[in-house]
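Enquirer: Below you will find the structure I want to go over with you.
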Amino acid sequence: MIRLRREELQDFDAALGREWLETNGLGGFASSTPYGLNTRRYHGLLVAATRPPVGRIVLLSKLEETLIIDGRRFDLSANQYPGTIHPEGHRLLQEFRLDPFPIFTYLVEGVVIEKSVFMLDGENSTVVQYKLVEKEKGASNNSAQKAAHDIQLELRPLVAFRDYHSLAHETGSINRSVEMEKGLATVKLYAEIPALYLAYDADELDSASYWYRNFEYRAERERGFDFTEDLYNPFALRFDLSSRSSANVIASTEPRDAARADAYRRRDIERRQKVIATAGFEDEFLSSLVAAADQFIVARNAQKTIIAGYHWFSDWGRDTMIALPGLTLLTGRAEIARSVLLEFAQHVDCGMLPNRFPDAGEVPEYNTVDATLWYFEAVRALLEHTNDYEFVRDKLYDVLVDIINWHVKGTRYDIHADDDGLLYSGADGVQLTWMDARVGNRVVTPRGGKPVEIQALWYNALRMMEELARKFNDTTSEKRFCEMAGRACESFNRLFWNEELGCLYDAVDGNFLDASMRPNQIFAVSLHHTMLPYERAKQVVEAVRRELLTPLGLRSLSPNDPQYAPVYTGGPEERDARYHQGTVWAWLMGPFIIAYLKIYGEDKTALEQAAAWLKPFHEHLRFAGLGSVSEIFDGDAPHTPRGCIAQAWSVAELLRALNLINS
């Protein structure tokens, strides 16, 4: 449980820097700040995935909430408008906690009211519950009795009906009519956007409608995007809490029954408890990461996939394969790992995995060299945890062999095995590795030719295929893969070792040797099958430790490099130019610690050092994306969280590192 008490919530800016996230296993989500004050275009109570896991639409932005005690109105809501915060319901907020979902506690005139928000797994449905808890301890009996005689709750839904990357503005071309039946209102502003069903157990419904204008989203303004929006209020609901203690609203893309809200709540809690119990960790931090891991596992067609990060990423091939072992295998959910591997196997084309599935559901993009190679490591991890060779033989082996063949003869973007056995890739204006930022037509970190981690992944894949061929009595392929791996190993050690700096070059392209001090070389140590002899591997770990290690991950570029960018701020182009130029990436802490423990052994001293490096993440769970791990951080202290508030591979790689330390 994460608890923010009154004293923490009084720091307005700090509170707005924290965000909660609820997900539904489809790619949809609900999210906002502890105040319920939306600071992003992506915030909302129902962001529905209409083509899971993409096609995300902001249907219900928020509920304007007013508690009426003896005719006096007390707003619980808070919004940013030009030059002001209105209303100021955050001043009445006494506590916010994740227990296990967002719960807000308000104190009004001696009355304590508690709001809960959670999503239904497998549905585009958000349940919002209000419960009258008790009068404030120490309040006079007279005031409590008076309040108990006349308490009303008024809720006004504010709807957006727009793509989650966009913003809504007042227009006369909406369908204002609302279909009403007992306990259910249906809103459909536009013919092309799914209807919003609002189930409720209110006592009254006021059908008067209004536009609320000029909401401002401070995070969007800071990111250099449009940041103002108008939202439509189709009606108001009133609940008489004088004679009962609860109020329920369910926002959904399907008709729902508000009377089932408590049953939904119990079911959701049981599901979450089962996820944590299945993982079997006793460590509290590990269990917290297991809960976070569950948020990224979503449906794609009849199978499963992994959302790269919230709020704005879909499922990326690279991120999915890197995150798969931590999110699924270490949490005891191997069936999901199999499902993900099968789903991506269906999308292999010309020996390549998709880099990205676009939000609008168009044809996948295949502009990556490493996603496919990470697929091999994901399969290897599955076998390590399950020994399910039958599944790999029957479902994946032919696909894997075909991928190797395509890489040998050549596929898109001049990806091919060179005469020296190493893997070449590159095309003008295209970025194929994970360091893929670009500004206009300029690739910020051009890494064409032979990037270091691509060679590490290629070798790892070849050795894995050699083992599989041996296991499956494919002797011809076994010999072939063995010879290919040996040639790659010899060439790698000859071409990539930087004797002057005692580490590896970041990329080699003909006579060009890129000596940029970047974290990519750590994979030449951390991967299961590695090419470096011990002394060289040790020097790599120490070089990375010396120049790139921070309390929250590895820098993407050494501070000693003239291109180092210490802070990740500015508009879109400025941020893209800094994305891999010093920005700290949390996910890289996993391979660094795994490499460190490979070199220094898993004795008490080494394990204690590794555990100490991970301690800052314990506190980080209480900031930025509450209960999860951010995508990136500033390169310089205090290493402010940036980017996505919840990133799949950040969570997954911390799980892998922690599991190794605790095992």
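The values are calculated or read from the model by the stated rules, or taken from the named source; none is laboratory data. Note that the structure is predicted; figures quoted are calculated from it, not measured. Cβ placement follows ideal geometry from the backbone for every residue including glycine, while neighbour counts extend to all protein chains displayed. Just so you know, the surface numbers come from the protein's heavy atoms only, side chains and all, with ligands and any DNA or RNA stripped out. Shrake-Rupley method; radii C 1.70, N 1.55, O 1.52, S 1.80 Å.
Enquirer: How much accessible area per residue does region 513-605 have, counting only protein heavy atoms and a probe of 1.4 Å, in square angstrom?
Expert: It amounts to 36 Å² per residue over region 513-605.
Enquirer: For a 28 Å ceiling on Cα separation, which of these pairs sit above it: Lys131/Lys304; Lys471/Lys604; Lys409/Lys598; Lys115/Lys188; Lys409/Lys471; Lys188/Lys274?
Expert: Lys131/Lys304; Lys471/Lys604; Lys409/Lys598; Lys188/Lys274
Enquirer: So if each residue of separation counts as 0.36 nm, and I subtract the Cα-Cα distance between Asp70 and Asp561, what length gain in nm does that give?
Expert: So the chain would gain 170.2 nm between Asp70 and Asp561.
Enquirer: With a 10 Å radius around each residue's Cβ, average the other Cβ atoms per peptide and rank 616-622, 150-156, 494-500, 626-632, highest first.
Expert: Descending packing order for the listed peptides: 626-632, 150-156, 616-622, 494-500.
Enquirer: Give the ranking of Asp319, Asp206, Asp262 by solvent-accessible surface, highest area first, calculated with a 1.4 Å probe. Mind showing how you got there, number by number?
Expert: Values: Asp319 10, Asp206 85, Asp262 65 Å².
Sorted descending by solvent-accessible area, the residues read Asp206, Asp262, Asp319.
Enquirer: Then there's this: How many percent of the accessible area of the chain is carbon or sulfur, using a 1.4 Å probe?
Expert: 46
Enquirer: Against the longest alpha carbon principal axis of the chain, how many degrees, from 0 to 90 and to the nearest 10, is the axis of helix 475-495 turned?
Expert: That helix lies at roughly 90 degrees to the long axis.
Enquirer: Let me ask something additional. Can you give the local net charge around Ser173? Use residues other than it whose beta-carbon is closer than 15 angstrom to its beta-carbon, Lys and Arg +1, Asp and Glu -1.
Expert: 0
Enquirer: Quick check: net charge around Val508, other residues with Cβ under 12 Å of its Cβ, Lys/Arg +1 and Asp/Glu -1?
Expert: -2
Enquirer: Add -39500 (n - 2.57) for each DSSP H run of 4 or more in the chain, then divide by its residues: what number comes out at 222 nm, to the nearest 500 deg cm²/dmol?
Expert: Dividing the helical sum by the residues of the chain leaves -10000 deg cm²/dmol.
Enquirer: Quick one: order Asp226, Asp315, Asp163 from most to least accessible surface, probe 1.4 Å.
Expert: Reading off the accessible areas and sorting them downward yields Asp226, Asp163, Asp315.
Enquirer: How many percent of all Cα-Cα pairs in region 538-663 sit more than 25 Å apart? It would help to have the intermediate numbers written out before the result.
Expert: Details: 1770 of 7875 pairs.
Tail of the P(r) past 25 Å holds 22 percent of the pairs.
Enquirer: Any idea what angle helix 534-547 forms with the longest principal axis of the chain, computed on alpha-carbon atoms, 0 to 90 degrees, nearest 10?
Expert: Result, in degrees: 40.
Enquirer: Also, I was wondering about something else. Which residue, Leu658, Pro641, Pro255, has the largest displacement toward the positive end of the dipole of the chain when charges sit on each Cβ (Lys, Arg +1; Asp, Glu -1)?
Expert: It is Pro255, whose Cα lies furthest towards the positive end.
Enquirer: Turning to a different aspect of this structure: Cα-Cα pairs above 17 Å in region 154-252: how many percent?
Expert: In whole percent, the share of Cα-Cα pairs in region 154-252 beyond 17 Å is 56.
Enquirer: Please list 272-279, 324-331 highest first by mean number of surrounding beta-carbon atoms within 10 Å per residue.
Expert: 324-331, 272-279
Enquirer: Note down the magnitude of the dipole of the chain about its Cα centre, charges +1 on Lys and Arg C-beta and -1 on Asp and Glu C-beta and zero elsewhere, to the nearest 20 debye.
Expert: Dipole size: approximately 660 debye.
Enquirer: Given a Förster radius of 25 Å and the C-beta distance between His149 and Arg271 as r, what FRET efficiency does 1/(1 + (r/R0)^6) yield to the nearest 0.05?
Expert: 0.05
Enquirer: Mind computing the radius of gyration and Dmax over the alpha-carbon atoms of region 371-524? Å is fine for both.
Expert: 16.2, 50
Enquirer: When only the heavy atoms of the protein chains count and the probe is 1.4 Å, how do Ser491, Ser246 rank by accessible area, highest first?
Expert: Ser246, Ser491
Enquirer: Just add up the charged neighbours of Gly83: K/R +1, D/E -1, any other residue whose Cβ is under 15 Å from the Cβ of Gly83.
Expert: Surrounding charge for Gly83 is +1.
Enquirer: Measuring from label point to label point, each 7 Å out along Cα→Cβ, what is the Glu7 to Lys479 span in nm?
Expert: It works out to 7.4 nm between the two label points.
Enquirer: Could you calculate the contour length gain from Ala427 to Tyr389, that is, 0.36 nm times the residue separation minus the distance between their Cα atoms, to one decimal place in nm?
Expert: Length difference between fully extended and current span is 10.0 nm.
Enquirer: Considering only protein heavy atoms, what per residue accessible area in square angstrom results for region 160-241 with a 1.4 angstrom probe?
Expert: Details: 3950 Å² over 82 residues.
Roughly 48 Å² per residue, with all protein chains present.
Enquirer: Can you order the peptides 79-89, 593-603, 299-309 by their average number of other Cβ atoms within 10 Å per residue, highest first? Intermediate results must be reported in sequence, preceding the final value.
Expert: Details: 79-89: 15.1, 593-603: 17.9, 299-309: 21.2.
Descending packing order for the listed peptides: 299-309, 593-603, 79-89.
Enquirer: Something else about it: Given the convex hull of the Cα atoms of region 54-114, what is a quarter of its surface area in nm²?
Expert: Across all orientations, region 54-114 yields a mean hull projection of 6.4 nm².
Enquirer: List the pair-distance distribution P(r) of region 326-405, using every Cα-Cα distance, as the percent of pairs falling in each 5 Å bin from 0 up to the bin containing the longest distance, rounded to whole percents.
Expert: With a bin width of 5 Å, the distribution comes to 3, 14, 26, 24, 18, 11, 4, 0.
Enquirer: Based on Cα coordinates alone, diagonalise the gyration tensor for region 5-137, multiply each eigenvalue by 5, take square roots, and list the semi-axes in whole Å, largest first.
Expert: Details: eigenvalues 138, 55, 37 Å².
Over the Cα atoms of region 5-137, the semi-axes work out to 26, 17, 14 Å.
Enquirer: Go ahead and run the numbers for FRET between Thr605 and Glu284, Cβ-Cβ distance against an R0 of 22 Å, rounding to 0.05. Provide the component values of the computation, followed by the final result.
Expert: Details: r = 24 Å, r/R0 = 1.09.
Computed FRET efficiency for Thr605 and Glu284 comes out at 0.35.
Enquirer: Let me ask you something else. Where in region 184-227 are there GluC sites (Glu not before Pro) that are in a DSSP coil and have at most 11 other Cβ atoms within 10 angstrom of their Cβ?
Expert: Hits after loop and neighbour filter: Glu192.
Enquirer: To the nearest 10 degrees, how steep is helix 397-409 against the longest Cα principal axis of the chain, on a 0 to 90 scale?
Expert: 60
Enquirer: Which percent of Cα pairs goes in each bin when the distances of the chain are cut into 20 angstrom slices starting at zero?
Expert: Reading the bins upward from 0: 18, 49, 26, 6, 0.
Enquirer: How are the alpha carbon pair distances in region 452-502 distributed across 10 Å bins from zero to the largest one, expressed in percent?
Expert: Result, from short to long distances: 27, 43, 22, 7, 1 percent.
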